[in-house]
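Just so it is clear, none of the values below were taken in a lab; they were calculated from the coordinates. Keep in mind that what you see is a predicted model, and the values were worked out from it rather than measured. Every residue, glycine as well, gets a Cβ built from its backbone with ideal geometry; the counts of neighbours run over all protein chains shown.
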Amino acid sequence: MTTETLWYANRATGAVCLILFTVVVVLGIAVRLRARIPGLPRFGTISLHRTLSLSATTFLALHIALAIFDSYVNITLLDAIVPFVSDYQPLWLGLGTVAFDLMLAVVITSLLRNRIGHRTWRATPWLAYASWPVALIHGLGIGPDPGPDWMTWLTVACVVAVLAAAGTRLALGVRDSRRTPAVLLRTAEGAR
Ligand code: HEM
C-alpha cells in the first residue's frame, strides 16, 4: 500500500470514527431519556448503542494502526497511548490520544462492570461524553487543509446532532424538576 493510500484510509477511518462516536453519544442520551427510535423497541435502542460502540472502537483501532503503519509520518504505538509525546503534530495528535485513553477507560470499566460498584459503572458514560469533544478537536486541528472542506462540514453536522440531543435532555430535565414538586404536593394533598 502506498503512503498516499494509507493517508486516505486513515482520513476515511477518522471520519467513520467521528460519525460512529457521534451516533453513540446521541443514542446514549436517548437511552437515558428512555426514548424509542421509530421502528425499534426500547431495548433495541440499548443494543444499537452497544453494537455501535463496539464498531466505533474497532474503527478507532484501525485508524490508529493506519497512522502507525504510514511511514510518511513517524507515529509510534507509544504516541497513540501517551498524550503529547509525538514528534508529529504533538498537540493535535495528543488530543486524539487523550480521546483514545478515555475510550479505553470506558471499555475497561465496561468489561469490569460486575466487579466495580454500580456508582462507578454509572459514571462511565461521562468518560465517553468527555472524549467526544476532545476527539472532535483532534480531527479539526490535525486536518490537512487550511480552509473548510467536507470534513469540516461533517464535524459541524456532528456538533449540531449532539447539541440537539443534549439540549433535549436538558429541556426535559428542567421540565421534570419543575413538575416534580407539583406532583409531590398533589400526592401529599391526596394522602390527607
Ligand atoms: C476517538 C478518537 C479519534 C477520532 C474520532 C479521530 C478522528 C480523526 C479524523 C476525523 C481525522 C481526519 C482529519 C482530516 O483529515 O480533516 C483524523 C486524522 C488523523 N488521526 Fe485521528 N481520531 C482519533 C484518535 C486518533 C489517535 C489516538 C491517533 C494516534 C495515532 C490518531 C491519528 C490521526 C492521524 C495521524 C491523522 C491524519 C493526520 C494528517 O492528516 O496528517 N487519531 N482523526
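Let's test the formula: R0 of 22 Å, r as the Cβ-Cβ distance of Asp145 and Thr2. What FRET efficiency results, to the nearest 0.05? Please report the intermediate quantities before stating the final value.
Values: r = 20 Å, r/R0 = 0.93.
E(calc), rounded to 0.05, equals 0.60.
Can you pull out the trypsin sites (Lys or Arg not before Pro) in the stretch 34-83 whose DSSP state is coil and whose Cβ has at most 15 other Cβ atoms within 10 Å? Present the calculation step by step, with values, prior to reporting the outcome.
On the way: sites: Arg34, Arg36, Arg42, Arg50; in loops: Arg34, Arg36.
Qualifying residues, ordered by number: Arg34, Arg36.
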Only helices at least 18 Å long along their own axis, judged from Cα atoms, and with Kyte-Doolittle mean hydropathy of 1.0 or greater: name those in the chain from DSSP H. 3-32, 42-69, 90-111
Label Ala12 and Ala123 with points 7 Å out from Cα along Cα→Cβ: what is the distance between them in nm? 4.0
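I need the shape label for the stretch 34-149. Rule: rounded when a/c is under 1.5, else prolate if a/b > b/c, else oblate, with a, b, c from the alpha carbon gyration tensor. Before the final figure, lay out the partial values.
Working: a/c = 2.30, a/b = 1.66, b/c = 1.39.
Judged from the Cα gyration tensor, the stretch 34-149 comes out prolate (a/c at least 1.5, a/b above b/c).
So what is the 222 nm mean residue ellipticity for the chain from helices alone, if each DSSP H run of at least 4 adds -39500 (n - 2.57) and you divide by all residues, rounding to the nearest 500 deg cm²/dmol? Please report the intermediate quantities before stating the final value.
Numbers: 6 runs with 152 residues, N = 192.
It lands at -28000 deg cm²/dmol.
Are there trypsin sites (Lys or Arg not before Pro) in the stretch 70-129 that DSSP marks as loop and that have at most 13 other Cβ atoms within 10 Å, and which are they? Walk me through the intermediate numbers first.
Values: sites: Arg113, Arg115, Arg119, Arg122; in loops: Arg113, Arg115.
For trypsin sites (Lys or Arg not before Pro) across the stretch 70-129 that sit outside H, G, I, E and B with at most 13 neighbouring Cβ atoms in 10 Å, the list reads Arg113, Arg115.
Mind checking the stretch 1-82 for chymotrypsin sites (Phe, Trp or Tyr not before Pro) that DSSP puts in a loop (not H, G, I, E or B) and that have at most 15 other Cβ atoms within 10 Å? Write down the numbers at each step before the final one.
Values: sites: Trp7, Tyr8, Phe21, Phe43, Phe59, Phe69, Tyr72; in loops: Tyr72.
Sparse-neighbourhood loop chymotrypsin sites (Phe, Trp or Tyr not before Pro): Tyr72.
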Roughly how many nanometres apart are two label points built 7 Å out from the Cα toward the Cβ at Leu40 and Asn114? 2.6
Taking the alpha-carbon centre of each part, the distance from the stretch 81-159 to the stretch 29-68 in Å is 15
